[in-house]
1. Provide the FRET efficiency to the nearest 0.05 for the His46-Met14 pair, computing r from the beta carbons and using R0 = 25 Å.
2. Under the rule of -39500 (n - 2.57) per DSSP H run of 4 or more residues, summed and divided by the residues of the chain, what mean residue ellipticity at 222 nm is obtained, to the nearest 500 deg cm²/dmol?
3. HN-Hα J couplings of the range 86-102 from phi, Karplus 6.51/-1.76/1.60, θ = phi - 60°, integer Hz, Gly and Pro as x?
4. Kindly write out, for the range 196-212 in residue order, the coupling ³J(HN,Hα) from the Karplus curve 6.51 cos²θ - 1.76 cosθ + 1.60 (θ = phi - 60°), rounded to whole Hz, with x marking Gly and Pro.
5. Expressed as a whole percentage, what fraction of the accessible surface of the chain belongs to carbon and sulfur atoms when a 1.4 Å probe is rolled over the protein heavy atoms?
6. Might you tell me the accessible area per residue for the chain, computed with a 1.4 Å probe and given in Å²?
7. Over the alpha-carbon set of the range 1-49, divide Rg by the Kirkwood Rh and report the Rg/Rh ratio to two decimals.
8. What number results when the radius of gyration of the range 1-158, computed over Cα atoms, is divided by 2.2 N^0.38 Å?
Amino acid sequence: MNEGAHDHKIRLLMDLRRTGVTDTRVLSALETVPREAFVSDPFLEHAYDNRALPIDCGQTISQPLVVGLMTQYLDVGARDKVLEIGTGSGYQAAVLSKVARRVYTVERHGPLLAQAEERFKRLSLTNIVTRHGDGFKGWPEQAPFSRIMVTAAAREIPESLTDQLDDGGIMVLPVGDPDQQWVMRVTRSNHRLHTERLMAVRFVPLLGGVPRNESEE
Ligand code: SAH
């Protein structure tokens with residue numbers, strides 16, 4: 001990284017701390033993972049801007065503040081087995097991989113998943129496992145998960161995913177329609193679900209199924 005980018009990164013980390021990302025494990029994960037490795041070439045110089053950026057297949061890499069806060073809300077520790085729905089660029093999965101034991105991440109766009117897998121390999125992030133498929137289905141063979149994060153907005157909390165949440169587990173996800181979405185935290189304890197509304201956000205929608213003719217996208 002050149003000196004300008006380094007300064008840019010330090011400034012971003014200071015901004016995140018000031019705006020609520022205070023968990024030292026999360027801050028050090030954000031410091032360790034090179035966001036510039038996850039953005040598309042035309043946006044390289046904006047890798048440490050505090051904003052979402054476009055990636056292939058009409059999707060986005062989330063805003064650093066949202067990644068930081070959602071990771072913090074998930075309260076992930078070194079023993080946690082985390083399911084992420086919506087791999088996208090792979091950035092959020094990479095951040096999770098620094099605080100969790102293992103990350104299982106699902107993406108419906110094959111080309112995005114292939115790029116993310118390349119990045120995980122290049123950065124030696126060996127505790128991330130990937131799957132191409134419809135995240136609404138979760139990852140039944142690996143369930144239950146102690147933590148679940150969804151990084152695309154569903155209209156409602158998908159029951160198929162809360163079903164894969166372990167007792168004592170936490171799920172963090174954006175819920176709503178394109179005009180109004182909230183990050184929700186769902187906690188399962190004694191087999192009851194407790195739901196909290198945390199912050200207003202804007203995410204791409206969680207869509208069912210897997211796209212066809214993907215090589216033409
Ligand atoms: N976590 C990503 C954010 C990507 S945007 C990052 O850090 O870059 C959300 C992603 O969710 C998109 O890539 C989109 O294709 C994916 N997505 C949407 N619906 C999905 C579904 N049902 N299953 C799996 N992935 C889905």
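The values are calculated or read from the model by the stated rules, or taken from the named source; none is laboratory data. No experiment lies behind these values; they were computed from the predicted model shown. Backbone-built Cβ (ideal geometry, glycine too); neighbour counts: all protein chains shown. Calculation scope for accessible area: heavy atoms of the full protein, side chains included, ligands and nucleic acids excluded. Shrake-Rupley method; radii C 1.70, N 1.55, O 1.52, S 1.80 Å.
1. On the way: r = 18 Å, r/R0 = 0.70.
Efficiency, from the Cβ-Cβ distance: 0.90.
2. Working: 6 runs with 62 residues, N = 217.
-8500 deg cm²/dmol, from helical runs alone.
3. x, 4, x, 5, x, 5, 4, 4, 5, 5, 4, 5, 7, 10, 9, 6, 8
4. 10, 9, 10, 7, 7, 8, 9, 10, 5, x, 7, 10, x, x, 10, x, 8
5. Details: 4990 of 10720 Å².
Ligands and nucleic acids excluded, carbon and sulfur reach 47 percent.
6. Working: 10720 Å² over 217 residues.
For the chain, the per-residue accessible area is 49 Å².
7. On the way: Rg = 11.0 Å, Rh = 11.3 Å.
Answer for the range 1-49: 0.97.
8. Values: Rg = 14.8 Å, N = 158, 2.2 N^0.38 = 15.1 Å.
So the Cα radius of gyration is 0.98 times the expected 2.2 N^0.38 Å.
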